[in-house]
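What follows is a set of notes on a single structure, which appears directly below.
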Amino acid sequence: MPGLTLIEKLAARFAVGLSPGGVARQGDFLTIRPRHVMTHDNTGAVMPKFRELFKAADGSPGTLRIADPSQPVFAIDHDIQNTTPENLGKYARIEKFAAEMGIDFYPAGTGISHQVMVEQGYVTPGSMVVGSDSHSNLYGAMCCLGTPVVRTDAASIWATGVTWWQVPPVARLTLRGRLRPGVTGKDVIIALCGLFNRDEVLNHGVEFTGDGVACLTIDQRMSIANMTTEWGALVGLFPFDEVTRDYLHSRADSFAAGSRPGVRREGSKGLYTRADVDAWWAARAELRPDADASYAVDLELDLSTVVPHVSGPNDVKTMSALPDIEAQRVKINKAWLMSCVNARYEDLVQAAEIVRGRRIAPGVEFYLAAASAEVQARARASGHWQALLDSGATELPPGCGTCIGLGAGTIKAGEVGISATNRNFEGRMGDRNGLVYLGSPAVVAASAVEGYICSPVKFEIAAPRGGVKRPPPRPAAAAAVTVIDGFPSVVRGRLWFMDRDNLNTDGIFAGKHTYNDTLTPRQMAEVIFENYDPEFRAKAKPGDVVLGGLNFGTGSSREQAATALKYFGIPCVIAASFSETYKRNAFNNGFVCFECPDLVGFLRNDVEQTRVGTPVKSAMVGRVEIDYKASVVRLTAPGGVVRPFAFSPLSPVAQELVVAGGAEAVVRRRLAAGA
């Protein structure tokens, strides 16, 4: 047998029920007990799910119990500019629940949840930390197996301490050389998103290695690991090296000095000492992949060939070298320096050095929010924060805010903006008719003062140099499968083709609705595809099937992108490929989705069906019969010709989740059995 990747080793560490000496391999389904599970504003939506798990058979409320109160961490960050009684009431209920259950709690204004998790000692090398947020990949910067889960998983972990996880295929990315002066971690991950943009790492765990890793600071590693999410990966794991050790020592010193935010309960794991760090360092050999580990794909990037890049507009994987777009003098109306990818101290220093003694250009609004209150205090003490404010920047509290289209500074129709955030999906940061580009803090700051997208340092146009080695994919073959009682053998309906790769969750269910916990299922159904195709709801009807392209459901981990389609009456979504987090949300909520790339390929190549007339975002291309027993989709196109397309059989586990109505019912049965 081949050796193990580091991701496989860490998965085995946190697996429950492995036999002594047992290992975890890519593709294995595991029951995991992570060190921590983080929730933020969505804690308010997880709480009723958690309560449902303890209800008696007659519907009466049961006695609530957190399996391990040191495991959950609550950090409020998303909608903190919203001071309505409703939102403040929600925050108060979350804080009260945390106190009653003995859970560590960080209130609004502490900082963005991922930054708080790292700063406050919850993320450590060799651990596994999950979060009910798609950017939980960030924890990989600390050699921690960080990966997103969804709200239903969070409720399950609160109640039982465990949830399920499938070990992903693992990619190895070898970084060579050193970054040029003026090039940042954000430039690296934007280059990766653009260079390897054909699903090379979709739903993979990525392990970073090579001599180039040593030149990257912790802040740069956090930026890169954070945006492996947008690249399509589930994990972005850096090695435990001297850079990591030195950062951990600095945090241990900070803990020893006292004066920390938030509330930590008895038994909290949000703390470590220098002695702890030294012990981890002494055992670091355990945190390396085996020399003969097997990887699903091998990638390589020469860091010395990376120049600043921007992505967009309104698409993370559309990449332009800065010198190229700078020549176009793309005028901007707004600039944003904020978010969990780029608002740390190093980022603020870089931006302050560019704007110091200058003013932002007329007609430009520049919005500023630190990753945490601690980061902001440090930048203020060193004078960098004031330099940014003196340039004309508008200060916002340390949180997510505009990045998800909440609070001040959202983009308006017809405007153009440059952002240091991690997503620029259509409609995410405001009006769907605004254009948003992504860039590094340096690019954002320089653009704010010049009034158009530019870099503070001039570079020659150059393409990043990299390579990829991957075995060819195996085509799907039709296979008979047992359909369990209660699961439909056949589904029939009209087929709506949404010919868009990377159709993201903001396009399916807008971020502005995500934290409105009062929406009914009917109201949720009324806003599906609002940012992608607002006309779809008027054309479609219950029973219709949706077909997407590659990486359908990428982006946020919001479950409503699946449940709202279910509430509309859509029986399933088919796509060439899915974000694994989207699939997790779908099946955890009893909603079917499966991959059929041959069907998508056929429609894209069939001129008569997809290329006649004015292109539309949602095209009704015929009727389908989904035969789950035979694992075949039969498309009846206009004209009556029937064509079959095979898909991978739906597993009994997936069917059971759908029949049960979702994972909550399964967990409820488990709790009842153990009572």
Checklist entry - Can you list the helices (runs of 4 or more DSSP H) found entirely within segment 208-285 that contain at least 3 residues being acidic (Asp, Glu) and either over 21 Å from the mean Cα position of the chain (by Cα) or more than 25 Å from LEU175 (Cα to Cα) (or both)? => result 242-257
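Can you name the residue in segment 56-82 that is in contact with a Gly (Cβ under 6 Å, 6 or more places away or on another chain) and not polar (S, T, N, Q) and, of all such residues, is surrounded by the most Cβ atoms within 10 Å (Cβ to Cβ)?
Kept after step one, since they are in contact with a Gly (Cβ under 6 Å, 6 or more places away or on another chain), are these residues of segment 56-82: 56, 67-70, 77, 80-81.
In the following step, the residues that additionally are not polar (S, T, N, Q) were identified as 56, 67-69, 77, 80.
Values: ALA56: 10, ALA67: 15, ASP68: 18, PRO69: 17, ASP77: 28, ILE80: 25.
The selected residue is ASP77.
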Item to check | Selection from segment 2-42 of residues that are exposed (fewer than 15 other Cβ atoms within 10 Å of the Cβ) and either more than 19 Å from GLU286 (Cβ to Cβ) or touching a Phe, Trp or Tyr at 6+ places or on another chain (Cβ under 6 Å) (or both) | outcome: VAL16, GLY17, SER19, GLY27, PHE29
Checklist entry - TRP164 is checked against (1) of a type outside the set (D, E, K, R); (2) at pLDDT below 95; (3) over 28 Å from ASP315 (Cα atoms); (4) over 22 Å from the mean Cα position of the chain (by Cα) and fails just one. What number does that condition carry? => result (4)
Checklist outcome for this item: When segment 176-196 is checked residue by residue, the ones that are open to solvent by 10 Å² or more (accessible area, probe 1.4 Å) and in a helix (DSSP H, G or I) are GLY194, LEU195
Item to check | Restricting segment 387-405 to residues that are in a loop (DSSP other than H, G, I, E, B), open to solvent by less than 20 Å² (accessible area, probe 1.4 Å) and not small (Gly, Ala, Ser), the residue that is nearest to ASP347 (Cα to Cα) | outcome: PRO398
Item to check | For ILE325: the one exception among (1) farther than 14 Å from TYR437 by Cα; (2) in a helix (DSSP H, G or I) | outcome: (1)
Next on the checklist: Just checking, does segment 624-635 include any residue being touching a strand residue (DSSP E or B) at 6+ places or on another chain (Cβ under 8 Å), of a type outside the set (Asp, Glu), under 22 Å from ASP199 (Cα atoms) and not in a loop (DSSP other than H, G, I, E, B)?
Outcome noted: no
Checklist entry - Hey, among the residues in segment 117-147 that are out of contact with any Pro (no Cβ under 8 Å at 6 or more places or on another chain) and assigned to a helix (DSSP H, G or I), which one's farthest from MET227 (Cα to Cα)? => result GLU119
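Could you run through segment 43-55 and say how many residues are open to solvent by less than 60 Å² (accessible area, probe 1.4 Å) and more than 13 Å from ALA98 (Cβ to Cβ)? Talk me through it step by step, then tell me what you get.
As a first pass, look at segment 43-55 and keep what is open to solvent by less than 60 Å² (accessible area, probe 1.4 Å): 43-47, 49-50, 53-54.
Okay, now just the ones that are also more than 13 Å from ALA98 (Cβ to Cβ), so 45, 49, 53-54.
Number of matching residues: 4.
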Item to check | Count of segment 256-282 residues which are farther than 22 Å from SER70 by Cβ and either surrounded by 15 or more Cβ atoms within 10 Å (Cβ to Cβ) or touching a residue at least 24 places away in the same chain (Cβ under 8 Å) (or both) | outcome: 1
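Could you tell me whether ARG500 is part of a loop (DSSP other than H, G, I, E, B), in contact with a helix residue (DSSP H, G or I) (Cβ under 7 Å, 6 or more places away or on another chain) and crowded, with 16+ Cβ neighbours inside 10 Å? Quick ask: steps written out before the conclusion?
Numbers: part of a loop (DSSP other than H, G, I, E, B): yes; in contact with a helix residue (DSSP H, G or I) (Cβ under 7 Å, 6 or more places away or on another chain): no; crowded, with 16+ Cβ neighbours inside 10 Å: yes.
For ARG500, the condition - part of a loop (DSSP other than H, G, I, E, B), in contact with a helix residue (DSSP H, G or I) (Cβ under 7 Å, 6 or more places away or on another chain) and crowded, with 16+ Cβ neighbours inside 10 Å - is not met.
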Checklist entry - Does segment 267-289 contain at least one residue that is modelled with pLDDT under 95 and hydroxyl-bearing (Ser, Thr, Tyr)? => result no
Next on the checklist: Just to be sure I understand the filter: pairs with C-beta atoms under 6 Å, separated by 6 or more residues or on different chains, first member in segment 197-217 and touching a residue at least 24 places away in the same chain (Cβ under 8 Å) and crowded, with 19+ Cβ neighbours inside 10 Å, second member basic (Lys, Arg) and not in a loop (DSSP other than H, G, I, E, B). Which pairs pass?
Outcome noted: GLU207/ARG172; GLY212/ARG176
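Look at segment 361-382 and say how many of its residues are open to solvent by 30 Å² or more (accessible area, probe 1.4 Å) and farther than 17 Å from THR421 by Cα.
Looking only at segment 361-382, we keep the residues that are open to solvent by 30 Å² or more (accessible area, probe 1.4 Å), and these are 362-363, 365, 373-374, 377-378, 380-382.
Restricting the remaining residues to those that are farther than 17 Å from THR421 by Cα gives 362-363, 373-374, 377-378, 380-382.
Total satisfying the criteria: 9.
If only one of GLY417, GLY392, GLY434 is over 23 Å from the mean Cα position of the chain (by Cα) and over 24 Å from ALA108 (Cβ atoms), which one is it?
GLY392
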Next on the checklist: Among the residues of segment 153-169, are any hydroxyl-bearing (Ser, Thr, Tyr) and assigned to a helix (DSSP H, G or I)?
Outcome noted: yes
Checklist entry - Going by the conditions given, is GLY543 part of a loop (DSSP other than H, G, I, E, B) and out of contact with any helix residue (DSSP H, G or I) (no Cβ under 9 Å at 6 or more places or on another chain)? => result yes
Item to check | Condition broken by GLN655, with the remaining ones in (1) among the polar types (S, T, N, Q); (2) at pLDDT below 85; (3) open to solvent by less than 30 Å² (accessible area, probe 1.4 Å) satisfied | outcome: (2)
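Residues checked against (1) under 30 Å from ASP298 (Cβ atoms); (2) in contact with a Ser or Thr (Cβ under 9 Å, 6 or more places away or on another chain):
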residue	(1), (2)
PRO2	yes, yes
THR5	yes, yes
ALA15	yes, yes
ALA24	yes, no
GLY27	yes, no
ARG33	no, yes
MET38	no, yes
LYS49	no, yes
ILE76	no, yes
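Give me a count of the residues in segment 503-517 that are open to solvent by 10 Å² or more (accessible area, probe 1.4 Å) and touching a residue at least 24 places away in the same chain (Cβ under 8 Å). Steps first, please.
Of all residues in segment 503-517, those open to solvent by 10 Å² or more (accessible area, probe 1.4 Å) come to 504, 512-513, 515-517.
With the extra rule that they be touching a residue at least 24 places away in the same chain (Cβ under 8 Å), the set shrinks to 504, 512-513, 515, 517.
Total meeting the criteria: 5.
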Next on the checklist: Given the condition open to solvent by 40 Å² or more (accessible area, probe 1.4 Å), touching a residue at least 24 places away in the same chain (Cβ under 8 Å) and in a loop (DSSP other than H, G, I, E, B), answer yes or no: does some residue in segment 446-456 qualify?
Outcome noted: yes
Item to check | Selected residue (criterion: farthest from VAL118 (Cα to Cα)) from residues of segment 12-69 that are under 21 Å from the mean Cα position of the chain (by Cα) and of a type in the set (S, T, N, Q) | outcome: GLN26
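One line per residue, one yes/no per condition, for (1) closer than 28 Å to ASN137 by Cα; (2) at pLDDT 95 or above; (3) assigned to a loop (DSSP other than H, G, I, E, B); (4) not basic (Lys, Arg):
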| position | (1), (2), (3), (4) |
| --- | --- |
| LEU299 | yes, yes, no, yes |
| ASP315 | yes, no, yes, yes |
| ARG329 | no, yes, yes, no |
| TRP336 | yes, yes, no, yes |
| VAL341 | yes, yes, yes, yes |
| ASP347 | yes, yes, no, yes |
| GLN350 | yes, yes, no, yes |
| GLY363 | no, yes, yes, yes |
Checklist entry - Of all residues in segment 408-427, which are open to solvent by 10 Å² or more (accessible area, probe 1.4 Å) and at pLDDT below 95? => result PHE425, GLU426, GLY427
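Within segment 433-443, identify whether any single residue is touching a Pro at 6+ places or on another chain (Cβ under 8 Å), at pLDDT 95 or above and within 17 Å of SER391 (Cα to Cα), and answer yes or no. Reasoning before the result, please.
In the first step, residues of segment 433-443 are kept if they are touching a Pro at 6+ places or on another chain (Cβ under 8 Å); the result is 435-437, 439-440, 442-443.
Narrowing further to those that are at pLDDT 95 or above: 435-437, 439-440, 442-443.
Now drop any that are not within 17 Å of SER391 (Cα to Cα), which leaves 442-443.
The answer is yes; a qualifying residue exists.
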Next on the checklist: Residues that are closer than 30 Å to THR163 by Cα and open to solvent by 30 Å² or more (accessible area, probe 1.4 Å): does segment 607-623 have at least one?
Outcome noted: no
Next on the checklist: Which pairs turn up if I take residues in segment 549-569 that are hydroxyl-bearing (Ser, Thr, Tyr) and look for partners that are in a loop (DSSP other than H, G, I, E, B) and open to solvent by less than 10 Å² (accessible area, probe 1.4 Å) with beta carbon separation below 6 Å, at least 6 apart in sequence or on another chain?
Outcome noted: SER557/VAL150
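The values are calculated or read from the model by the stated rules, or taken from the named source; none is laboratory data. Not measured: the values here are computed from a predicted model. For neighbour counting, all protein chains shown are included, and Cβ atoms are generated from backbone atoms with ideal geometry for every residue, glycine included. Note: areas computed on protein heavy atoms with side chains; ligands, DNA, RNA excluded. Shrake-Rupley method; radii C 1.70, N 1.55, O 1.52, S 1.80 Å.
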